[in-house]
Amino acid sequence: MTVRKLLLLPGDGIGKETMAEVRKFIVAMNDKFNAGFETEEGLVGGSAYDAHGVAISEEDMAKAMAADAVLFGAVGGPKWDSVPYDVRPEAGLLRLRKDLALFANLRPAICYPALATASSLKPEVVEGLDILIVRELTGGVYFGSPKEIIDLGNGQKRGIDTQVYDTYEIERISAVAFELARTRKNKVCSMEKRNVMKSGVLWNEVVTATHKAKFSDVQLEHMLADAGGMQLVRWPKQFDVIVTDNLFGDMLSDIASMLTGSLGMLPSASLGAPDATTGKRKAMYEPVHGSAPDIAGQGIANPIAMIASFAMCLRYSFNMITEADNLERAIANVLEQGIRTGDIMAEGAKKVGTTEMGDAILAEFLKLSA
Ligand code: NAD
Ligand code: IPM
Ligand code: MN
C-alpha cells in the first residue's frame with residue numbers, strides 16, 4: 001500500500017478548529033479506501049511559542065521536510081502581539097515557506113453558484129467566477145534585506161523593507177502560471193508596478209521574455225497592480241490566471257476572497273520545484289485566512305477553506321484526482337443544500353457551526369465516493 005506522509009500543523013485560533021474537520025476526512029479515507037495516510041502533528045505559531053519559545057521548533061521543521069505534504073491551519077492572535085519580532089507566530093509560517101522553498105502559491109477563487117448572493121458584489125459580477133491567483137511566495141519584500149528598524153539618533157527611526165527579485169524567481173513563477181493557464185482558459189494577466197518599482201520593470205521584462213520563449217500560445221496581458229485590484233472588483237470574470245509578486249498577491253487574494261462570498265472559502269497550495277530525480281514537489285496546503293481571533297473558540301468558523309486546501313493536497317501532492325473532484329463537488333453540493341456557516345449565511349439557509357459543516361461535507365463526500 002502507498003504510504004502518504006502528512007504533517008498537520010493546526011496552529012492557533014480557528015486553525016485548530018478547522019484542522020479538526022480535515023482530520024475526519026483523513027481518518028475516513030484511511031478506513032474506507034485504504035488511502036494510507038500517515039499523519040504526524042506539530043506546533044506552529046503562538047502555540048509553538050508557548051511550548052518552545054519559538055514560532056516553529058527544529059523538530060517540527062524536520063518533520064515538515066520529511067513529509068510528503070504539510071497541512072497548515074492558521075497562526076497569530078492578540079495573545080502574541082508583544083512577543084519579539086523574530087519569534088512572532090507569523091515567522092513560523094514564513095520559515096516553512098522559505099525553508100521548504102515553496103515559491104508558488106496557488107490561490108483559486110471560485111464562486112460556487114449557491115454563493116453568488118453571499119458576495120458583497122452583485123451576483124452577476126461573481127456568478128460562475130473561476131480565477132487563479134499565482135502568488136510568488138519566497139521572495140520580494142517579505143524576504144529582501146535589509147529588513148530592519150534603525151535608530152537615526154535624532155529622535156527618529158527608519159523602518160526598512162527591501163523588495164528584491166532575481167530573474168530566475170520571476171521566470172519560475174511565471175512558468176507555473178503559464179503552465180496552469182494551459183489547463184484552463186489559456187490566459188495570464190501579470191500584475192506589478194513597473195511605473196514605480198525597479199523590481200516591477202524587471203518583473204514585466206522577465207514575464208514577457210518567458211512568454212515569448214516558451215509559452216507564446218498562452219494569451220498574456222500586463223496590468224499595473226493597483227488597476228488590477230480595481231478590475232478584480234469591477235469585472236473579475238475578465239481574468240483566468242493572475243501572476244504577481246508576494247505582497248501584491250497577498251492583498252489581491254484577500255480581495256478575491258470576497259468575490260467568493262467569504263475569506264473562509266479560499267484555499268491555497270504552496271508548491272516547491274519538482275525534485276530532479278523523483279519529480280516530487282515539497283508542498284504545504286494553507287487556507288488564505290488567518291486565525292480569526294474575533295471568532296476563535298466559538299465553533300463557528302467556516303472550515304471550507306481548510307477542507308478545500310486538503311482537496312488541493314489530494315490533487316497536487318497525491319494525484320488523487322477523483323477524490324479531489326469528489327471533495328470539491330461535496331462542498332458545492334452542501335452549499336447547494338443551503339447549509340451555511342455564519343460568514344456565508346443567507347436568508348432561508350440552515351446556519352451551522354464548524355463541526356456540522358465538516359460533517360455535512362464528509363457525508364456528501366462519502367456518498368459521492370461510494
Ligand atoms: P483573519 O483572516 O484571521 O480574519 C479576517 C476576518 O475574516 C475576521 O473577521 C475573521 O473572523 C474572518 N474570517 C477569517 N477566516 C474565517 C473563517 N474560516 N470563517 C469565518 N470567518 C473567517 O485576518 P486578521 O484578523 O487580519 O488576522 C488575524 C491573525 O491571523 C493575525 O495575527 C494575522 O497575522 C494572522 N494571519 C495568519 C494567516 C495564516 O496563518 N495563514 C493568514 C492571515 C492572517
Ligand atoms: C497569508 C498571510 C501571511 C502572508 C502572513 C500571516 C504571514 O497573510 O498567507 O495570506 O502575509 O503571507
Ligand atoms: Mn494574507
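Every number in this text was worked out from the coordinates using simple rules, so none of it is lab data. This is a predicted model, so every value here is computed, not measured. Here Cβ is always computed from backbone atoms with ideal geometry, including for glycine, and neighbour counts include all displayed protein chains.
Observations
- 1 or more residues within 16 Å of E17 (Cβ to Cβ): qualifying helices (runs of 4 or more DSSP H) within the stretch 277-370: 304-316, 354-369
- Options A332, A308, A349, A296; residue that is within 16 Å of ligand 2 (Cβ to nearest atom), farther than 30 Å from T162 by Cβ and surrounded by fewer than 21 Cβ atoms within 10 Å (Cβ to Cβ): A296
- Where N204 falls short, out of the listed (1) within 16 Å of ligand 1 (Cβ to nearest atom); (2) part of a helix (DSSP H, G or I): (1)
- Residue in the stretch 297-315 that is of a type in the set (D, E, K, R), within 12 Å of ligand 1 (Cβ to nearest atom) and more than 23 Å from K237 (Cβ to Cβ) present: no
- Complete set of residues in the stretch 50-68 that are within 16 Å of ligand 1 (Cβ to nearest atom) and in contact (Cβ under 8 Å) with a residue 60 or more places away in the chain: A64
- Check on D226, within 13 Å of I133 (Cα to Cα) and out of contact with any strand residue (DSSP E or B) (no Cβ under 7 Å at 6 or more places or on another chain): no
- Scanning the stretch 59-107 for residues that are more than 26 Å from V3 (Cα to Cα), surrounded by fewer than 23 Cβ atoms within 10 Å (Cβ to Cβ) and in contact with a strand residue (DSSP E or B) (Cβ under 7 Å, 6 or more places away or on another chain) yields a total of 0.
- Lone unmet requirement of (1) assigned to a helix (DSSP H, G or I); (2) in contact with a helix residue (DSSP H, G or I) (Cβ under 8 Å, 6 or more places away or on another chain) for V83: (1)
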